[in-house]
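S.K.: Next up is a structure, given as structure tokens.
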Amino acid sequence: MTRMNKYLAAFAAVSLTSVLTACSSFLDENPRGQLTEDEAYATKQDILNNGVLSIYNYIGGHSDSQGLQGTGRGVFDFNSLTTDEAIAPTRSSDWYDGGFWETLFTHNWTPGTASMKDMWDYLYKVVMMTDKFIAMIEERDDYPSDLDLVSYRAELRAVRAMYYFYIMDLFGNVPIVTTDAILTEDIVQSKRSEVFRFCVSELQEALPRLLKDKSNLLGESYGRVTQPVALFLLVKLMINAEVYADDDWTDGVGVDGRSVTFNIDGKTMNAWDACEYYCDLLDYYDYKLEDQFDANFRVTNEYSAENIFTIPMNPVLYSNWFIYLFRSRHSCHGAALGGSSENGMSATIELVKAYRYGQPDEDPRFRFTFYADTVWENYKRVLLDDGTTPLVYYPFDVAQDVTATEHEKTAGARFHKYDPDPDANADGRACNNDIVLFRYADILLMKAESQVRNGKDGSDALNAVRARVGLSAVEATLDNILAERYLELAWEGWRRNDMIRFGIFGREYSDHVPSEADLSGASVVFPIPGDLMTMHPNWKQNPGY
């Protein structure tokens, strides 16, 4: 067990002690044995252990709507099951869940849609925790003379900026709260463009004071926001500048990325120049594409040369869950792996066709990413409950409702991208495969895109990704780059972001007829959850809701 692992495991229980005291009567009880705030943060090392490092217990999660990935009804589902890459079919009495999954897929959500407020609360909970610890550092007598404290503060600011990136991307016009000492009535909304600029400036200012290490590798920096992680976020902000700088996404008037400028290292750069610049800075850290596509998702993927930021996973050390394989596979498939499964999430027909499934030129990533046809595990066919009939998945038979169809229980290609972990617990949900949030292939594709949008040739970066899986070179056009992102990054949580940036989020596809929110352009952000609007009468609901 590394030193970082010990910190994550040891301080999980105290991380919310001081942050949520005002919100929880339970925490006011001061149970015997609980550290006081003065004791918990008495020394600089305590601030690191009980403050900075404890934040990372919330990047992942094991309950609905918690964590940036790994759980259900949260950030991943709202970014993937609202798109043309993933669908949760109703299978008779299974997977209807009050119409929740259908609501996501058809874009018919409202301010009262289930789990939306839970996701909002989770994201802002982590923001408020970082605010608390930043204030604690700033109040110390040895700040800012102590460079370690300066570094801790920078790391917390970078984590907070990452969470604001997700909040802004999902909800648009949201409040920027940078202090834990604020009254509810004093919290005001900011325009999306202001939150965008805030994220950029926070990351730029924090960057030189962050650890330079690779975050995905075992060691002191494992799972932390280091310089490469901050650079990835800056690239993601820049590539989406036209979206995030637009404060009225329903008026039909867009923003040109060439007109969105930043001062970077004494130079004025447009969004596309800045995107390419930050991509190139990542070369300093020696990331590269793995020779094998699937190496990034193996049980021991903490050795990947390509992964930039991951959620550390270990069934013994951490409480994080990774449920996407569990809830996708047929129950007999789960049983063949020593557990169970929920027989749900599937690839859409559009995604299956994009991989050219079943064709002579089928994309080699399809079989790494999804199960289809007769299912084999450990060189044996997986059998249905009768013990003789092979389990077969039918990718083209999927629909929003497959009840009473011939392949009701077996329609749809199922998720396979991560190798099954034979040592996993909880039916595979508590595994050793670290959950991949950011990786270098995405950087190359964003570099190619920024170059093309800026009138340059992006073919080198685009075709490096294609060459890794043995595909021939293609012209670097925006259409080809979007198509490559669809296949390379499937089910990694970026499809909604991509579809919005390329202007296709409201388009029609199988079982998805454009909703009223799609037609008005409102659907590119989610509504502010309804009870928040009641609590804050001066806030404005996002347009179209």
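S.K.: Considering only region 251-269, how many residues are touching a residue at least 24 places away in the same chain (Cβ under 8 Å), among the β-branched types (Val, Ile, Thr) and in contact with a strand residue (DSSP E or B) (Cβ under 6 Å, 6 or more places away or on another chain)?
M.R.: 0
S.K.: Can you list residue pairs whose Cβ atoms sit under 7 Å apart, with the first residue in region 468-497 being under 17 Å from Phe368 (Cβ atoms) and the second being open to solvent by 20 Å² or more (accessible area, probe 1.4 Å)? Count only pairs 6 or more apart in sequence or on different chains.
M.R.: Final answer for the pair search is Arg468/Leu289; Val469/Pro364; Gly470/Pro364; Glu484/Arg466; Tyr486/Ala354; Leu487/Ala354.
S.K.: Out of curiosity, is His407 more than 25 Å from the chain's Cα centre (by Cα) and closer than 25 Å to Ala372 by Cβ?
M.R.: When the stated conditions are applied, His407 passes them.
S.K.: Go through region 36-90 and give me each residue that's in contact with a Pro (Cβ under 9 Å, 6 or more places away or on another chain) and open to solvent by less than 10 Å² (accessible area, probe 1.4 Å).
M.R.: Answer for region 36-90, where residues must be in contact with a Pro (Cβ under 9 Å, 6 or more places away or on another chain) and open to solvent by less than 10 Å² (accessible area, probe 1.4 Å): Ile59, Gly60.
S.K.: Scan Glu194, Glu205, Glu185 and give me the residue that is in contact with a His (Cβ under 9 Å, 6 or more places away or on another chain) and not in a loop (DSSP other than H, G, I, E, B).
M.R.: Step by step, each of Glu194, Glu205, Glu185 is checked, and only Glu185 is in contact with a His (Cβ under 9 Å, 6 or more places away or on another chain) and not in a loop (DSSP other than H, G, I, E, B).
S.K.: Could you tell me which of the residues Asp118, Asp131, Asp97 is within 19 Å of Tyr56 (Cβ to Cβ), surrounded by fewer than 23 Cβ atoms within 10 Å (Cβ to Cβ) and acidic (Asp, Glu)?
M.R.: Checking each option against the conditions leaves just Asp131.
S.K.: Taking region 169-180, which residues are among the acidic types (Asp, Glu) and surrounded by 23 or more Cβ atoms within 10 Å (Cβ to Cβ)?
M.R.: Correct list: Asp169 only.
S.K.: Is region 438-452 home to any residue that is part of a loop (DSSP other than H, G, I, E, B) and either in contact (Cβ under 8 Å) with a residue 40 or more places away in the chain or aromatic (Phe, Trp, Tyr) (or both)?
M.R.: No, because not a single residue in region 438-452 is part of a loop (DSSP other than H, G, I, E, B) and either in contact (Cβ under 8 Å) with a residue 40 or more places away in the chain or aromatic (Phe, Trp, Tyr) (or both).
Quick grid of which residues meet (1) farther than 17 Å from Asp77 by Cα; (2) in contact (Cβ under 8 Å) with a residue 12 or more places away in the chain; (3) among the basic types (Lys, Arg); (4) outside any loop (DSSP other than H, G, I, E, B):
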{"residue": "Gly99", "(1), (2), (3), (4)": "no, no, no, yes"}
{"residue": "Lys125", "(1), (2), (3), (4)": "yes, yes, yes, yes"}
{"residue": "Thr130", "(1), (2), (3), (4)": "yes, yes, no, yes"}
{"residue": "Ala135", "(1), (2), (3), (4)": "yes, yes, no, yes"}
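S.K.: Could you grab the pairs with beta carbons closer than 8 Å, sequence gap of 6+ or different chains, first residue in region 520-545 and buried (at least 16 other Cβ atoms within 10 Å of the Cβ), second one of a type in the set (Val, Ile, Thr) and outside any loop (DSSP other than H, G, I, E, B)?
M.R.: Val524/Val243; Val524/Ile500; His536/Thr184
S.K.: Okay, moving on. Here are some residues: Asp248, Asp265. Which one is charged (D, E, K, R) and under 30 Å from Asn173 (Cβ atoms)?
M.R.: None of the others qualify; the one that does is Asp248.
S.K.: While we're looking at this one, here's another question. Would you check which residues across region 485-505 are of a type in the set (A, V, I, L, M) and not in a loop (DSSP other than H, G, I, E, B) and list them?
M.R.: Listed by number, the residues that qualify are Leu487, Met499, Ile500.
S.K.: What's the number of the condition Asp286 fails, among (1) touching a strand residue (DSSP E or B) at 6+ places or on another chain (Cβ under 7 Å); (2) under 17 Å from Ser215 (Cα atoms)?
M.R.: (1)
S.K.: Return the total of residues in region 154-168 being open to solvent by 10 Å² or more (accessible area, probe 1.4 Å) and touching a residue at least 60 places away in the same chain (Cβ under 8 Å).
M.R.: 1
S.K.: So which residues in region 410-429 are of a type in the set (A, V, I, L, M) and either under 16 Å from Phe370 (Cβ atoms) or open to solvent by less than 10 Å² (accessible area, probe 1.4 Å) (or both), if there are any at all?
M.R.: Ala411, Ala413
S.K.: Right, something else. Out of Asn301, Asn320, Asn314, I need the residue that is at pLDDT 95 or above and touching a His at 6+ places or on another chain (Cβ under 8 Å). Which one?
M.R.: Asn320
S.K.: Let me ask something else about it. When you scan region 519-526, do you find a residue that is part of a loop (DSSP other than H, G, I, E, B), on the phi > 0 side of the Ramachandran plot and modelled with pLDDT of 95 or more, even just one?
M.R.: yes
S.K.: Of (1) closer than 22 Å to Tyr58 by Cα; (2) open to solvent by 10 Å² or more (accessible area, probe 1.4 Å); (3) among the aromatic types (Phe, Trp, Tyr), Phe232 satisfies all except one. Which?
M.R.: With (1) closer than 22 Å to Tyr58 by Cα; (2) open to solvent by 10 Å² or more (accessible area, probe 1.4 Å); (3) among the aromatic types (Phe, Trp, Tyr) applied to Phe232, the lone miss is (2).
S.K.: Please go through region 179-193 and give me each residue that is small (Gly, Ala, Ser) and over 26 Å from the mean Cα position of the chain (by Cα), ordered by number.
M.R.: Passing the criteria: only Ala181.
S.K.: Can you name the residue in region 362-402 that is among the polar types (S, T, N, Q) and open to solvent by less than 30 Å² (accessible area, probe 1.4 Å) and is also farthest from Gly470 (Cα to Cα) among such residues?
M.R.: Looking at residues that are among the polar types (S, T, N, Q) and open to solvent by less than 30 Å² (accessible area, probe 1.4 Å), I get Gln400.
S.K.: Let me ask something additional. With the requirement that a residue be open to solvent by less than 50 Å² (accessible area, probe 1.4 Å) and over 12 Å from Arg414 (Cβ atoms), what does region 351-361 give you?
M.R.: The answer is Leu351, Ala354, Tyr355, Tyr357.
S.K.: Taking region 382-397 only, how many residues are in contact with a Lys or Arg (Cβ under 6 Å, 6 or more places away or on another chain) and either part of a loop (DSSP other than H, G, I, E, B) or free of Cβ contacts under 8 Å to residues at least 24 places away in the same chain (or both)?
M.R.: Adding up the residues that qualify gives 1.
S.K.: Filtering region 208-228 down to residues that are outside any loop (DSSP other than H, G, I, E, B) and without any contact (Cβ under 8 Å) to a residue 60 or more places away in the chain, which residue is nearest to Leu170 (Cα to Cα)?
M.R.: Of everything passing the filter in region 208-228, Gln227 is nearest to Leu170 (Cα to Cα).
S.K.: When region 506-518 is examined, which residues are found to be surrounded by fewer than 17 Cβ atoms within 10 Å (Cβ to Cβ) and part of a helix (DSSP H, G or I)?
M.R.: Glu516
Conditions tested, residue by residue: (1) touching a strand residue (DSSP E or B) at 6+ places or on another chain (Cβ under 7 Å); (2) at pLDDT below 85.
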residue	(1), (2)
Leu8	no, yes
Val14	no, yes
Thr17	no, yes
Phe26	no, yes
Asp64	no, no
Leu68	yes, no
Thr90	yes, no
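S.K.: Among the numbered criteria (1) open to solvent by less than 30 Å² (accessible area, probe 1.4 Å); (2) closer than 17 Å to Leu445 by Cβ; (3) not acidic (Asp, Glu), which single criterion is violated by Ile264?
M.R.: (2)
The values are calculated or read from the model by the stated rules, or taken from the named source; none is laboratory data. Worth saying up front: this structure is predicted, and the values here are computed from it rather than measured. Neighbour counts are summed over all protein chains in view; Cβ atoms, including those assigned to glycine, are modelled from backbone coordinates with ideal geometry. SASA here: full protein model, heavy atoms, side chains in, ligands and nucleic acids out. Shrake-Rupley method; radii C 1.70, N 1.55, O 1.52, S 1.80 Å.
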